[in-house]
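One structure is given below, encoded as structure tokens.
The values are calculated or read from the model by the stated rules, or taken from the named source; none is laboratory data. Fair warning: this is a prediction, and the values are worked out from it, not measured in the lab. Every residue, glycine among them, receives a Cβ derived from its backbone with ideal geometry; neighbour counts consider all protein chains shown. Protein only, heavy atoms only, side chains kept; ligands, DNA and RNA dropped before computing areas. Shrake-Rupley method; radii C 1.70, N 1.55, O 1.52, S 1.80 Å.
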Amino acid sequence: MALSRYNNNCNFPFFNTFDDLFAVPSTLFLERPTFPHISPGYEINQDEKSFQLAVDVPGVKASDMKMDLEHDGRVLHLSGGRKKQEGNNFSETKFDQRFTIGKDVDTNKITANLENGVLVVNIPKKEKEESVVRNIAITEGPATPLGTVATPSKATTE
């Protein structure tokens, strides 16, 4: 599959636990309040022409989200949050999710649409180029010695 969840720490499982320690809100270490991070649910589908990523983000506005392509267009980074105020109570939840994108997609044509709390990202696949058979001429005579680069001879005019 050319679209999967990005795992930055795949070779270092220690860091997952370490990061989790600091992702938990705590007033013991910090004086200012921290906000919980969530990992929104998502679903990946594909057909012959594209991949489709659906991410559940209920209550989040498009203006409160950000989507970027990172690592030379091979990682789709989605981040954002939801702010809620009820009376004098204020709460905020943030999310940060990355997905690895394969080389068989056209990153210039990625689109995203938010409707009814579901963000749908359409990632078109590159059109497959037809295989081209090319004839390579075979010559006879002395060959270029291995380990040297053949350079075309220049015609001299005198």
Within segment 92-118, take every residue that is under 17 Å from Ile44 (Cβ atoms), among the polar types (S, T, N, Q) and part of a strand (DSSP E or B) and give me the one that is least open to solvent (accessible area, probe 1.4 Å). Gln97
Return yes when Val75 is within 14 Å of the chain's Cα centre (by Cα) and surrounded by 15 or more Cβ atoms within 10 Å (Cβ to Cβ) and no when it is not. yes
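Considering only residues that are open to solvent by 90 Å² or more (accessible area, probe 1.4 Å) and modelled with pLDDT of 85 or more, look in segment 138-158 and name the one that is nearest to Asp56 (Cα to Cα). Step through it out loud before you land on a result.
As a first pass, look at segment 138-158 and keep what is open to solvent by 90 Å² or more (accessible area, probe 1.4 Å): 138-140, 142, 146, 149, 151-158.
Restricting the remaining residues to those that are modelled with pLDDT of 85 or more gives 138-140, 142.
Working: Ile138: 59, Thr139: 62, Glu140: 65, Pro142: 67 Å.
Among them, the one singled out is Ile138.
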Is there any pair with a first residue in segment 114-142 that is touching a residue at least 60 places away in the same chain (Cβ under 8 Å) and a second that is open to solvent by 100 Å² or more (accessible area, probe 1.4 Å) and of a type in the set (Lys, Arg) whose Cβ atoms are under 8 Å apart and which are 6 or more apart or on different chains, and what are they? Pro124/Lys49; Pro124/Lys109; Lys125/Lys49
